[in-house]
Structures are given as C-alpha cells and as structure tokens.
Amino acid sequence: MAFLNWLQNDTAGLLTLAAVSVALLLVLIMRLRLEPFIALIVTGVLVALVAGVSVTELVGTPIKASDSLFEKGFAGILGHIAPIIGLGTVLGAIMERSGGADALTERLLRLFGPKGAPLAMGITGLVLGIPVFFDIGIFVLAPLVYVAARRGGRSLVLYAMPMLAGLSMTHAFLPPHPGPVTAGGLLGVGMGWVIAMGLLCGIPAWLVSGVWWGSFIGRRIQVDVPEDLPGGSGPATGPSGPAGTARAGDTGTDGDPSGGTGGVRTAGTAAPRTAVAVTAPPSVALISSIIAVPLVLILAATVAGVALPEGTVLRDVLVLLGTPAIALTLSVLLALYLLGIRRGTSMAELGRISGESLRPVGMILLVVGAGAFFGRVLQTTGVGDALAGSMTAIGLPVIASAYLISAALRIAQGSATVAIVTTAGIIGPTVAAGGYSQPQLALIVVAVSAGSIIASHVNDGGFWIVAKYFNMTVKQTLMTWTVLETILSVVGFAAAALVWALV
C-alpha cells in the first residue's frame, strides 16, 4: 500500500508510473505486435487503475458511461478530426484517379526541362501531397518518377528523393493529414494557424531535405529503374518488411495520417483502382485550384477571426466557410463535379471511389481515439502535471520537450500516430497551463509532427515502401530515405524554434 501511495501521490512516483506506462506501450506494440489502438487502451486502463482512478470514473456505470474517462477521451478528439480526415481522404482519392497527377507532372517537366526534372518531381510531390496520403502518393507518382529517370538517364534516387520529401512534408505538417490534425485537436489550436506555421516551417525543410540532399545523394548513389517496369507500370505487389512492420499508415509521413498514422493502407492491399472516366487529363490550374480552396478558406477564417469585429456579417461568413469540415466539404463537392460528373463519371462510380478510399480511415481514427484516451488518463491521474513540472524544473522549453519526446517515441516504435498522440497527452498539461497564443500552439504542433517523422528505419512501414518502389537495398534506403526524413525533421523543428523566438 505504501508503494501504491508513493506511485499515486509523490512526484517521483508519478514520473515512475509515466516511464513504466510508456515502456509497457512500447513492449505491447514492438514485442507482442499488438495493434497500437489496443495497446493504448490496455496501457491507459492499467495506468488509471494503478493511479487510483475509480472504476466508475474510468468506465462509468452500466446505466451511464458518457461522463467516463474512456468515452470522453475517445469522443473529445474524434468529433474534431473524423470529418476532416474523412473528407480529406475522399478529396485525395478523386483527385488521384482523375489523372491530375500526370497532368501536373507533365506540365512541370516541360516547364523545368531535363535538368530541372528532379525539382519538377519535388514540386509534384509537394502539391499532390496536400490532398493525398503519403503511401497513395507513392503508388501514383512512382511510375512518373521511373519515366523521368529513364529520360534523364541518371540515378532513380535523384528523381525520387525530392518527390518523397514533398509528400512527406505535406503529410507531416499540413491538414487534412491525420498527424497535424490530431496534434492540433489535442492541443486546441485552429487549423488555420497549423496550415500557416506548417507551410512556414515545412517549405524550408522540404528545400533542404528534398532539393539539396536529394541532389547531393542522388549523384552519389546509382540506382537503376527496375527492369520489369520499362514504361513505369508499378509493381504488382507492395513492399514487405519484418513481420508487423509493413504498415504504410505507420510511416512518419503518415503517417499518419499521417503518418504517418495507424495503418492507412498497405501497398500490398491497396484498394482496386477504379479510374474516373475522362477524355483528357484535367488542367493543372483546375487541380491546383481545388487543392487551394480549403487552404485559402481556412486561412481566411483565421485572419477574419483576428482582424474583424465579432458579429459582423463578413466575419461570420468567412468563419463558417473556413471551418475545416465545411471548407473540405466545399472542395469535395467541387472535385465531384469538376473532376467527375462534368467529365462523364456517374455518381455511382464516384460513390464507389469514395467508399474505397474511406475503408482504411477506420484504423487511423481508432488509434487517435485510443491515444486521446491515454492522454486523458495521464492528465487525470496527475502524471501529466508531474511531467510538466519536471520539464519546467530543468528549464527545457515546451517546444523542445515536445520535439524530443515525439522523436524518441517515433524512433522506438515506428508509428508517427502513436508518437503524436502520446506526446500530446504528455505535454498537454504544460501547454494548457502555459497560456500560449494560437501561433505558439501551432508551432508546438509543428514540433510534435517534426519529431514524429525522424529517422524512418526498419520498424516503419514507409521505409519498406520506399525501398521496394525505388529499387533500393536496405543500406541504400538508410543512406537516402532515412537521412532525408531526419533532415526534414531537424530542419522543420529548427524553423519552428526560430519562429517561436519571434512570436
């Protein structure tokens, strides 16, 4: 009993409980291969019981459970992110299958010429990566990278790295991808600020990791286009790694989600591609406009909320249209009409495409909900407050703590989603008590997201997707992709820390 009392009430005991809970989480995921969302639930329940939370407070009663930690933990975040992730997924699927990627790439290749082809591939990844999940972006763009590499007669690495950096940056730092949306929801920051700070910090990170590093390493590692893909037709089956590691959704660029994010879709089990009926590819201007609509509306609502007096008609209209779910709904409706119906695709076909794209989203939401429950437990038991006090005592800024915790969790277990939701739960009390502004909160989100993509290696599904699709050995993938992700992470965080000093 004395030991339990120490765990429940003493700062050192609470810190010990926090360390044990994270260690248990890692063991369940890494050693026992338990699904992350189940591991998070098990860990959260055990921590709550050990910390002295009553069963009624934890799970409610058979008559009423709506006020319980369990249901509040899940519901609080899912109500915020589920519509955003779902709508973003549908938007990406429609754009992916409309031929927009081909049109965008061909236009950029013509614009930049043979010498600028790597940069053209990078910009393609950057633009297409906004509405499309990381792994799906690879499936769509890999054939175009093969063609560019064959035409240029140089290493596949030179053309693949800028594209991968573009996909990874948008997936890590920008809504509607699960990582930044989840972190923003858990820390209470508006999506407009997340977009603004994500772009401000992510673009320099993309330039350094994709353009500079891609050019540097692409001239030093020679990788040929796979012989069985002469015209750029993708592999019939996806990558595979060690048992339990080949989850595309666990990549930090997912992923999730984004990550980077809890099993979006494995390459080997990608949904059948039902192409949108088209007579010619959509224009680059049309694709860019549809992508820009939700970003512009959300940013406009953020500016209106600050610059316009409350109660004015213009402010209310902009805030309504700029609500992330409303903005994305408008963008999806535009895509359905402009890329589908107007181009000869039936609503039944579009419905089938939307349904296929939404199937993998369930795992993302389960992981996020379970992570939010775990974070709520840490806050309720006092573990979060103890950790916050300790971080304050050693004088480490919250933005640095957020980055280091997220990076450590990412390196240890591979999933960006788990790293994000666990980190948000740990730093939540510090953030809540700090009185930070919305721009500062958005920078903390960037730091958490940046930490969640560092050092992609063999425990990350994205590592194996990149290795397989770009014909690289494990050593070559470590020398190229792993370093790229680390540079993207470090530069993204450095940019956030620099802006933090100015806001």
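A few notes on this one:
- Residues of segment 397-425 with an amide N closer than 16 Å to a point placed 7 Å from the Cα of A432 along the Cα-to-Cβ direction: 422-425.
- The helix-only estimate of mean residue ellipticity at 222 nm for the chain, built from DSSP H runs of length n ≥ 4 each weighted as -39500 (n - 2.57), is -21500 deg cm²/dmol after division by the residue total.
- Using the Cβ-Cβ distance between R110 and V458 with R0 = 41 Å, the FRET efficiency computed as 1/(1 + (r/R0)^6) comes to roughly 0.60.
- Convex hull per residue volume in Å³, alpha carbons only, for segment 290-347: 70 Å³
- Evaluated at q = 0.14 Å⁻¹, the base-10 log of the normalised Debye intensity for segment 385-503, with identical point scatterers placed on the Cα atoms, takes the values -0.59.
- According to the Cα-based calculation, Rg over Rh for the chain is 0.98, with Rh computed by the Kirkwood formula.
- Span from the segment 289-335 Cα centroid across to the segment 76-128 one, whole angstrom: 21 Å
- Using equal-weight Cα scatterers in the Debye expression, the normalised intensity of segment 101-209 in log10 at q = 0.16, 0.18, 0.22, 0.24 Å⁻¹ is -0.67, -0.81, -1.08, -1.22.
- FRET efficiency estimate (nearest 0.05) - Cβ-Cβ, R151 to I203, R0 41 angstrom: 0.90
- Accessible area per residue in Å² at 1.4 Å probe, computed on segment 353-503: 30 Å²
- With kT/(6 pi eta Rh) evaluated at 10 °C and eta = 1.306 mPa s, and Rh the Kirkwood radius from Cα pairs, segment 49-125 diffuses with a coefficient of 95 µm²/s according to Stokes-Einstein.
- Computed extension length for T312-A501: 64.7 nm, one decimal, from 0.36 nm per residue of separation with the Cα-Cα distance subtracted.
- The accessible surface of the chain, taken with every protein chain in place and a 1.4 Å probe, is 67 percent carbon and sulfur.
The values are calculated or read from the model by the stated rules, or taken from the named source; none is laboratory data. Model, not experiment: these values are computed from the prediction. Reconstructed Cβ throughout: ideal geometry from the backbone, glycine too, with neighbour counts over all protein chains shown. Side chains included, ligands, DNA and RNA excluded: accessible areas come from the protein's heavy atoms. Shrake-Rupley method; radii C 1.70, N 1.55, O 1.52, S 1.80 Å.
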